[in-house]
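Novice: Pasting a structure here, questions to come.
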Amino acid sequence: MDEQLGTYEIAYLCGGPERAAQTVLLALHADHRIRVPHGTRRVETVERAGEADGVDGAAGAGGGGTGGEAFADDVLQAIALAEIPPAGRMFGQVVRAVADSPLVDGVAASLQEAGLLSRPLVGAPRPTRRGRAVRRRLHDDHDGLAERPDAGLARFAALGSAGIAEPRLREVFETPDPKPERRPSKSFADAGRGLFGTNRGPHEDEAGS
């Protein structure tokens, strides 16, 4: 059963929808289709040869966005690329957008069909007893993960950020997006300058004249 699971199914089983979305971004990063500068955490697309001329990629991906989604290997990668505007987008925002995609719900549905996820009437699906057993095997079977064609992705899917060997990239996946800076509110003195043009009292002009 373990070897029959796709990488995104392993990710969802072991870490939920956000792990599945992160696995999509890691796949795009490994294929040099996106970059995530360490200092900014803004995900940016990388234009590859032929993209500007519309050379055929993975047809039928759909969506708008950057146009790079036509070169995605699968529909989840296409969704991720479509969520990244030309100016880039914060890593966590892209992860949440992909995780909320109905296509990630489809990954969960396939795990439910396999009896690995529950079908709750309310709330998110959870691993069944069988699913928990598979998850433990995936977490412990490092040799089995290494033998997969997608070994690097499968390792991350099963282990999370601990499966990323490169420290700087691992930090990107572990660090939350910075909170937006709050602009300080105007003080009473600032408000006075806005009304009178200066911060002087009404009689200071007379005293100085």
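The values are calculated or read from the model by the stated rules, or taken from the named source; none is laboratory data. All of these numbers come straight from a predicted model, not from anything done at the bench. Using ideal geometry, Cβ is built from the backbone for each residue, glycine included, and neighbour counts are taken over all protein chains shown.
Novice: Cβ-Cβ distance below 6 Å, separation of 6 or more or different chains: which pairs start in region 130-145 with a residue that is without any contact (Cβ under 8 Å) to a residue 24 or more places away in the chain and end on one that is of a type in the set (Phe, Trp, Tyr) and part of a helix (DSSP H, G or I)?
Specialist: none
Novice: Report yes if some residue within region 128-145 is at pLDDT 95 or above and in a loop (DSSP other than H, G, I, E, B); otherwise report no.
Specialist: yes
Novice: Now for a different question. Look through region 161-204, keep the residues that are touching a Gly at 6+ places or on another chain (Cβ under 7 Å) and either surrounded by 11 or more Cβ atoms within 10 Å (Cβ to Cβ) or farther than 20 Å from Arg42 by Cα (or both), and return whichever of them is modelled with the lowest pLDDT.
Specialist: The extreme case among them is Asn199.
Novice: Residues that are under 24 Å from Phe173 (Cβ atoms), among the aliphatic types (A, V, I, L, M) and at pLDDT below 90: does region 94-101 have at least one?
Specialist: Scanning region 94-101, I find no residue that is under 24 Å from Phe173 (Cβ atoms), among the aliphatic types (A, V, I, L, M) and at pLDDT below 90, so the answer is no.
Novice: Tell me which residues, restricted to region 106-127, are farther than 17 Å from Ala157 by Cβ, in a helix (DSSP H, G or I) and in contact (Cβ under 8 Å) with a residue 12 or more places away in the chain.
Specialist: Within region 106-127, just Gln112 meets the criteria.
Novice: For residues in region 94-148 being buried (at least 19 other Cβ atoms within 10 Å of the Cβ) and small (Gly, Ala, Ser), which is nearest to Pro176 (Cα to Cα)?
Specialist: Ser101
Novice: Does Ala158 satisfy the criteria of being closer than 19 Å to Val24 by Cα and either exposed (fewer than 13 other Cβ atoms within 10 Å of the Cβ) or not polar (S, T, N, Q) (or both)?
Specialist: Criteria met by Ala158.
Novice: Taking region 146-163 only, how many residues are of a type in the set (Asp, Glu) and either in contact with a helix residue (DSSP H, G or I) (Cβ under 7 Å, 6 or more places away or on another chain) or touching a residue at least 12 places away in the same chain (Cβ under 8 Å) (or both)?
Specialist: Qualifying residue count, region 146-163: 1.
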